[in-house]
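Read through the structure below, which is laid out as structure tokens, and then see the notes.
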Amino acid sequence: DGGITQSPKYLFRKEGQNVTLSCEQNLNHDAMYWYRQDPGQGLRLIYYSQIVNDFQKGDIAEGYSVSREKKESFPLTVTSAQKNPTAFYLCASSIEYNYGYTFGSGTRLTVV
Amino acid sequence: GNSVTQMEGPVTLSEEAFLTINCTYTATGYPSLFWYVQYPGEGLQLLLKATKADDKGSNKGFEATYRKETTSFHLEKGSVQVSDSAVYFCALSESASKIIFGSGTRLSIRP
């Protein structure tokens, strides 16, 4: 079955360390997105990519970085510059924006 | 800029009650509108969508109608079940670059 796989589901890191969250899709979607969700809040866009080797900053890109070397993969690195990285991170993809997004099951990052 | 406003939760109902979750939007142009559902600890799932005025999206007993005159896309279900307990997000497509989400409404259904 086609879908989006995010790994790991839970991630713990020490403050000051960089960490990379994986997102892989086999839907043949061109566009991919990273969102952050904090408790009781909506989703905020971190980065998005509409095509391989190209990506754009979203509303809260500071302290994060991404790459898009393959159509299937869009990893997110949470750097030590991100002041409050503990959150639930969601990856999504889309074949065309009017069709909506397909989401992964998320990665819960806790920085201690 | 474009925005989505949905009713604050939590909303608590008894099983078999009628559900309405209000959603209004501000947008230039003609966006597509969506409702997503999120179960605890999971990602979001697309529940239904409408791409133009007067379209009605429907799925699993849920319905929403794209009302351009009132800039609304209210979610309704005639008889809710305990399994409908989740967080519901209203959203609109701003452009090819992104979808804007509302803040979410938590729904709890009592047996």
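The values are calculated or read from the model by the stated rules, or taken from the named source; none is laboratory data. These numbers were taken from a predicted model, which means no experiment stands behind them. Here the Cβ is made from the backbone with ideal geometry for all residues, glycine too, and neighbour counts use every protein chain on show.
What the table below lists for this structure:
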quantity: Subset of region A:37-54 (residues that are among the hydrophobic types (A, V, I, L, M, F, W, C) and surrounded by 12 or more Cβ atoms within 10 Å (Cβ to Cβ)); calculated: A:Leu43, A:Leu45, A:Ile46, A:Val52
quantity: Residue ID - nearest to the other protein chains (Cβ to nearest Cβ), chosen from residues in region A:99-112 that are under 17 Å from A:Lys9 (Cβ atoms) and among the polar types (S, T, N, Q); calculated: A:Ser105
quantity: Answer residue from region A:43-64, given it is β-branched (Val, Ile, Thr) and under 27 Å from B:Trp35 (Cβ atoms) and is farthest from the other protein chains (Cβ to nearest Cβ) among those; calculated: A:Ile60
quantity: Filter result (assigned to a loop (DSSP other than H, G, I, E, B) and either over 12 Å from B:Cys90 (Cβ atoms) or in contact with a strand residue (DSSP E or B) (Cβ under 6 Å, 6 or more places away or on another chain) (or both)) within region B:8-26; calculated: B:Glu8, B:Gly9, B:Pro10, B:Glu15, B:Glu16, B:Ala17, B:Phe18
quantity: Failed criterion for A:Asn98 (all others in (1) modelled with pLDDT under 95; (2) under 30 Å from B:Thr51 (Cα atoms); (3) in a loop (DSSP other than H, G, I, E, B) hold); calculated: (3)
quantity: In region A:65-98, residue surrounded by the most Cβ atoms within 10 Å (Cβ to Cβ) [restricted to those that are within 14 Å of chain B (Cβ to nearest Cβ) and over 17 Å from B:Gly43 (Cα atoms)]; calculated: A:Tyr97
quantity: Selected residue (only one of B:Leu92, B:Leu47 is surrounded by 17 or more Cβ atoms within 10 Å (Cβ to Cβ), assigned to a strand (DSSP E or B) and either modelled with pLDDT under 95 or of a type outside the set (A, V, I, L, M, F, W, C) (or both)); calculated: B:Leu92
quantity: Members of region A:1-36 that are charged (D, E, K, R), under 22 Å from A:Ala81 (Cβ atoms) and modelled with pLDDT of 95 or more; calculated: A:Arg36
quantity: Filter result (part of a loop (DSSP other than H, G, I, E, B) and under 17 Å from A:Met32 (Cβ atoms)) within region A:61-87; calculated: A:Ala61, A:Ser67, A:Arg68, A:Glu69, A:Lys71, A:Glu72, A:Phe74, A:Pro75
quantity: Candidates B:Phe62, B:Phe73, B:Phe34 - the one that is at the interface with chain A (Cβ under 10 Å from one of its Cβ atoms), under 11 Å from the mean Cα position of the chain (by Cα) and in contact (Cβ under 8 Å) with a residue 12 or more places away in the chain; calculated: B:Phe34
